[in-house]
Amino acid sequence: MPKLFDDASVTLGSIPGFVNAQVVNRLAVSSTSNTYLIERSKERFVLRLRLEDASVFVPDIQLEERCSSLAYRHGLAPETVFCDISKGVLIRRYIEGVVWSSEQVHLEAKLSSLALALSRLHRISVDPVNSSWPSAAVNRYQNYLSSDAPQVLISSAQSILDEIASMPAETALCHNDLVCGNILQLPQGKVMFIDWEYSSIADPYFDLANIIQYHSLSADLEALFLNCYAKAAGIQLSASRLELWKWFYNDLQALW
């Protein structure tokens, strides 16, 4: 058995209630964690083992669990059944569904359902906080990168954040990594979000910018998406605020 699977099996052997669980297969390997599909009796779960240097990208591992648990209570995230923050071990219930492809995000009906689900997430009641994750992310990249080449990007990102800070604050429960691979379509058509590592209480416009920029939405699809979101949320969106977050997202992606 490959070492990665040995690590997962050893971890399961130390978790109450999962001693006899079996590793079915590995689901993903990322810069922050390894995830596995596991089975206990006839139940399936997702096991995630966080890597030692994950703090470079995800400094607050407690925040993820708080945000995803809140989203779960509103039907927008899988249930967490075990969490050991100190060891970086997380087990969530496996949800039958289909992970979206980039092509699906470009379908009008799918994009409309995504806008509705995101508006539900952003309307969950949370205590307003002054989230510093964007500037903290830029600072981490600045300390982590050895080359001087990204300094232009860092200066640009910091300048954008300064301009956003001059605007009235807006906060919501945000996923902060809404790429197609983190969008799950359930059999009945419901949309759910997975992989909450970067979640926080933050500016909801970043989630909007994330979807638009990562998937390179056309002007028509962007308008459809934003109109569906604004109508569901009962708000009028700020075009200038969104534009700033789109520029910031581009800088952040380049730094990544």
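The values are calculated or read from the model by the stated rules, or taken from the named source; none is laboratory data. Keep in mind it's a predicted model, so treat the numbers as computed, not measured. A quick note on method: Cβ atoms are made from the backbone with ideal geometry, for glycine too, and the neighbour counts reach across all protein chains shown. Calculation scope for accessible area: heavy atoms of the full protein, side chains included, ligands and nucleic acids excluded. Shrake-Rupley method; radii C 1.70, N 1.55, O 1.52, S 1.80 Å.
For this structure, a couple of remarks:
- Most positive-pole-ward Cα, SER199, VAL152, SER125, against dipole of the range 111-206 from beta carbon charges: SER125
- Approximate spin-label separation ALA165-SER31, in nm, with each point projected 7 Å along Cα-to-Cβ: 2.4 nm
- About the centre of its Cα atoms, the range 1-133 shows a dipole size close to 300 debye [charges on the beta carbon of Lys, Arg (+1) and Asp, Glu (-1) only; nearest 20 debye].
- Rounded to the nearest 500, the 222 nm mean residue ellipticity of the chain from helices alone is -13500 deg cm²/dmol, with -39,500 (n - 2.57) taken per DSSP H run of at least 4 residues.
- Charge dipole of the range 89-150 (Cα centre as origin; +1 on each Lys and Arg Cβ, -1 on each Asp and Glu Cβ, all else neutral): 240 debye, rounded to the nearest 20.
- Only Lys, Arg, Asp and Glu carry charge here, each on its Cβ (+1 for the first two, -1 for the last two); on that basis the chain has a dipole of about 820 debye about its Cα centre.
- Peptides 240-246, 178-184 ranked from most to least packed give 178-184, 240-246, packing being the mean of other C-beta atoms within 10 angstrom over each peptide's residues.
- Nonlocal Lys pairs with alpha-carbon distance under 24 Å, the chain (8 or more apart, or different chains): 7
- Amide H within-cut-off set for PHE82, under 5 Å, with H built and near neighbours excluded: ILE91
- Extent of the range 1-144 along its three principal axes (Cα atoms, max minus min coordinate, largest first): 41, 41, 31 Å.
- Residues ILE15 and GLN253, FRET efficiency given R0 of 35 Å [Cβ-Cβ distance, rounded to 0.05]: 0.45
- In Hz, Karplus ³J(HN,Hα) per residue of the range 192-198 (6.51, -1.76, 1.60; θ = phi - 60°; x = Gly, Pro): 10, 10, 10, 6, 9, 3, 9
- Computed 3J(HN,Hα) for the range 68-80, one whole-Hz value per residue from the Karplus formula 6.51 cos²θ - 1.76 cosθ + 1.60 where θ = phi - 60°, is 5, 5, 5, 5, 4, 5, 10, x, 10, 8, x, 6, 8, glycine and proline marked x.
- Sites SER125 and ALA219 - FRET efficiency at Förster radius 45 Å, r taken between beta-carbons, to 0.05: 0.85
- In the chain, taking the dipole from charged Cβ atoms about the Cα centre, the farthest positive-side position among TYR36, ASN210, ALA232 is held by TYR36.
- Using R0 = 25 Å, the C-beta based FRET efficiency linking ILE154 and SER132 works out to 0.95.
- Surface composition of the range 126-209: carbon and sulfur atoms hold 52% of the protein heavy-atom accessible area at a 1.4 Å probe.
- The residues of the chain expose, per residue, 50 Å² of accessible area to a 1.4 Å probe.
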